[in-house]
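Here the structure is laid out as structure tokens; the discussion comes afterwards.
Read the figures in this text as sums done on the coordinates, not as results from a lab. Keep in mind the model is a prediction, meaning the values are calculated, not measured. Cβ atoms come from the backbone with ideal geometry, glycine included; neighbour counts cover every protein chain shown.
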Amino acid sequence: MEIPVSAGAGLELRGLRRSFGDVVAVDDLSFEVPAGELFGFVGRNGAGKTTTMRIICGLLAADAGTVTWAGAAMDASIRERIGYMPEERGLYPKMRVGDQLEYFAVLHGRPHRRAQADVLWWLERLGLDDRAGAKVESMSHGNQQRVQLAAALVHRPDLLILDEPFAGLDPIAADLMAGVLRSEAARGVPVVFSSHQLELVEQLCGKVAIIDRGRLVACGTVGELRGDGPRMIRVDVRGATPGWSDALAGAEVVEQQDGHVLFRLSPGTEPEAVLDSARRAGTVTFFAEVQPSLAELFRAAVSE
Ligand SMILES: Nc1ncnc2c1ncn2[C@@H]1O[C@H](COP(=O)(O)OP(=O)(O)OP(=O)(O)O)[C@@H](O)[C@H]1O
Ligand SMILES: [Mg+2]
């Protein structure tokens, strides 16, 4: 069932803009998602994520800008190859799961026989093999979400756009979702998903775009987003000489409590210098360089 997608089949947004009355929801937005990349799209409520995704999928017109896939402008035939998981779930509540998925697959041009096989394969992959006959309305939120994912994937899309696919999933279901997104990216599909679970985005994504009030404020790997920020060192020292941390050249104390000290290093100061001083002061029980998390980078990026 693993059908590789051709290399170079990336998604590109250029100068995208969309207003609703006075509200500029998407403001001159540009980024690229190469084939095979798992791309996290993050931003505060109302930042413009859903609007952007709906424009990519052709459900909403842009006021300006372009969306291309594999270098070609989006048209109906390319759109047919998108797998989209909308924020507002779009399933038929009274229809049975198996029938519904088959319907979506055929709607996207899968031959009937192939569609039936694909439905069974996805139901099994998503742990829903005993629910094919269930009506969607009788299922829990998380299981409806799995069906919604299956609906986005059942026609073997070449591009995946998922609006908050992890919202409301339990940790096991979230692992399953993450595994599916990883394997779709490994197949060569550009996978764009929005999420407010930044720890998960940090673990999962090759690249991340942060948008704020419709504008791109940061884009890159989490390492790139960290950029040239100061190095931070955390040291725990037992039985330390009082005041040992106050006079270290090139290492400023940011936090200090019960033997735990967080230092911000000046450019050119090496962590070893802090370690040497800590050893002279007492017994070092913990020593590590601390990297800002995506959540911290996000807060800094959107509050500027
Ligand atoms: N159909 C619409 N009519 C009027 N305003 C809209 C419409 N759709 C979106 N907006 C506005 O555009 C802005 C961006 O909304 P959007 O739904 O894209 O945000 P979002 O980043 O997806 O937020 P969330 O994290 O809450 O899902 C908001 O100010 C929203 O109120
Ligand atoms: Mg949204």
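Below is a table of values for the structure above.
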| read-out | value |
| --- | --- |
| Percent RCO, i.e. relative contact order, over region 11-226, from Cα pairs under 8 Å lying at least 6 residues apart | 32 percent |
| Estimated 222 nm signal from helices in the chain, with DSSP H stretches of n ≥ 4 weighted -39500 (n - 2.57), rounded to 500 | -9500 deg cm²/dmol |
| Translational diffusion coefficient (Stokes-Einstein; Kirkwood radius from C-alpha pairs) of the chain at 25 °C, 0.890 mPa s, in µm²/s | 113 µm²/s |
| Partners for K207 among lysines (Cα-Cα distance below 25 Å; same-chain residues under 8 apart left out) | K49 |
| Share of Cα-Cα pairs in region 1-157 lying beyond 20 Å, as whole percent | 56 percent |
| Three semi-axes of the equivalent ellipsoid, region 102-161, Cα gyration tensor, whole Å, largest first | 19, 13, 10 |
| Mean separation of Cα contacts under 8 Å, 6 or more apart, over the residue count of region 107-225: relative contact order % | 19 percent |
| Extended-chain gain in nm, criterion 0.36 nm per residue less alpha-carbon gap, Y92 and R114 | 5.7 nm |
| Extension reserve of the Y103-A72 stretch, reckoned as 0.36 nm per residue once the Cα distance is removed | 8.4 nm |
| Enclosed volume per residue, in Å³, of the convex hull spanned by Cα atoms of region 232-290 | 67 Å³ |
| Separation between Cα centres of region 165-181 and region 44-74, rounded to whole Å | 25 Å |
| Efficiency of FRET from Cβ geometry, V290 and A249, R₀ 22 Å, rounded to 0.05 | 0.65 |
| Inter-label distance for D170 and R44, nm, one decimal - labels placed 7 Å from Cα along Cα-to-Cβ | 3.4 nm |
| Region 182-285 - Kirkwood radius from inverse mean 1/r over Cα pairs (Å) | 16.8 Å |
| Peptides 106-114, 181-189, 64-72 ordered by average Cβ neighbours within 10 Å, highest first | 181-189, 64-72, 106-114 |
